[in-house]
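One structure is given below, encoded as structure tokens.
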Amino acid sequence: MEAPIEPVFYHKLEIREPGAEWEEEEEDEISELLVSNLKRPQDIPENKAGGLPSVWARIGAALVLLAVSCFLAVRQLQSQGHSAESVGSVATPVSSHTHPPGVFHHSAIISPAATCSHMGRELLVAGGNVVDAGIGAALCLAVIHPHLTGLGAMVWGLFYNSSSGNSTALTTGPTQALAPGLGLPGALPALHLLHTRFGCLPWSRLLVGPTMLAQEGFVVDAPLASALAAQGTRGLCPLLCHADGTPLGLGMRATNPKLATVLRRAALAPTPDLTGKVLLSLLAKDLGLEEPLAWPRPSLEPALQLSVPQGILFTTPSPSAGPELLAQLEAALRTPTPSPAPCPQHLQTALISSILATVDNSGSTLLLTSSLNSAFGSRYLSPSTGVLLRNLTAESAHSAWACPLILRGSLDDTEADVLALVASGTPNMTTVMTHALLSHLLEPQTQHQHQVQQEPTENPSTCGSVTLLQAAAHAEHAHVSSVPRGCCPFQGL
């Protein structure tokens, strides 16, 4: 295990407006041309005092100056209009060459919801780094995917910092009960702690988009609509129900103004501890509990690691499933001819966790996975906060759904590739992840290089209905993809 990590400043991405360099060069060339042609009249032999050519020279110079000024003004207006349109619509920046889908020059984010991937990219455009983008997207998912995650969820994170070469694990802390069967909410202080250590933008900036979604409303997407249709609305009204108690359907609009209020208050909290107290004080009122309550104690600690011939593996420590995953991988790689573990015969089809990944072209990567332990968690909807609390079961102490994984090439090679995998939760998650990574490692090297350069790898043999996200840094580009293909929208720069 690594020594305790020293504080590292993780700088924001340097992002230039599309075409800015070309415009500056063009303006310099025009300026040089203008200076060379607009010599002073007295320097020209024909322009003697009282000579007619002097008048025409001045008129010509004025016309040239006027034409160039108009040209530059039009170029500037076009550039401003294009920049405003790009930022407003979050369109992909114009480049001199094209890439396959999921490959970007600077950075990328992939999540189960287009709205949240879009929100993460907006934070990158605003000057944030992969940590800012990932946290903003996670808070967005906490609003629009209450069947899988939320402020009442448990969160695990894995961050590889290319600036230091260190990997850090995030946990919401030991499982604690807020009330019988109800888990203590830890997502908000955990994400705030991660931001305090590695974020770039102000904490309040990351909460602007999720707060607006909760206040003004969000559209019920296909995953949430399917969960409502399958699970029913017990305990979820009026948040996700019609007046007659039937569930909201695909494309309908839901609002959560109480949650918006919590997020606004959390944006003003200067520390993770105070962020947790914002939510706990309101939950205590709802449950009739006496204050003060013990708030969640999230932690950041060195990630677990395992050296392999291809580099070094990082994952999250216990009580996540990370140690079990590394044990399976180590055992498989010790065999003379390792092969992917067989897929589990009976996979749980109902996913119980939310996942996302962000990566930049230097290899800095953040994986986040969170869960309410079951669909819609405890189904206790706090009337003062609009938060669904996670349910506690006998297995809650062990997060079998959490084992994000990062493979870093040789630490001695500053340009080594980085590959990150995170999958949606099932009881057999470690076997699924072992299968996916071994399938990747055992590919012929030349074939793998070709795939990474041409298109993010999608292994068709990934187990069952599990959703797997892949993020990678290769050849100074950021790559993202998913299995199954197209299940998770991505955005990038």
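The values are calculated or read from the model by the stated rules, or taken from the named source; none is laboratory data. Worth saying up front: this structure is predicted, and the values here are computed from it rather than measured. Neighbour counts run over all protein chains shown; Cβ positions are idealised from the backbone, glycine included. Heads up: the accessible areas ignore ligands, DNA and RNA and are worked out on the full protein's heavy atoms, side chains in. Shrake-Rupley method; radii C 1.70, N 1.55, O 1.52, S 1.80 Å.
Key figures
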quantity: FRET efficiency, 1/(1 + (r/R0)^6) with R0 45 Å, evaluated for Arg264 and Thr98 via beta carbons; calculated: 0.60
quantity: Cα→Cβ-extended label distance, 7 Å offset, between Glu290 and Val219, nm; calculated: 5.0
quantity: Difference of contour (0.36 nm per residue) and Cα-Cα distance, Met212 to Glu301; calculated: 28.8 nm
quantity: Accessible solvent surface per residue of segment 180-315, calculated while the other protein chains remain in place, 1.4 angstrom probe, Å²; calculated: 45
quantity: Rounded FRET efficiency, nearest 0.05, which uses the C-beta distance separating Ser318 from His242 and R0 of 45 Å; calculated: 0.55
quantity: Distance between modelled label sites at Arg234 and Arg253, nm, 7 Å Cα→Cβ extension; calculated: 3.2
quantity: Rough spin-label spacing in nm, given labels placed 7 Å along Cα→Cβ, for Ser204 and Ser384; calculated: 2.4
quantity: Candidate residues Asp244, Asp132, Asp417: accessible-area rank, largest first, probe 1.4 Å; calculated: Asp244, Asp417, Asp132
quantity: Accessible surface, 1.4 Å probe, highest first, among residues Arg408, Arg485; calculated: Arg485, Arg408
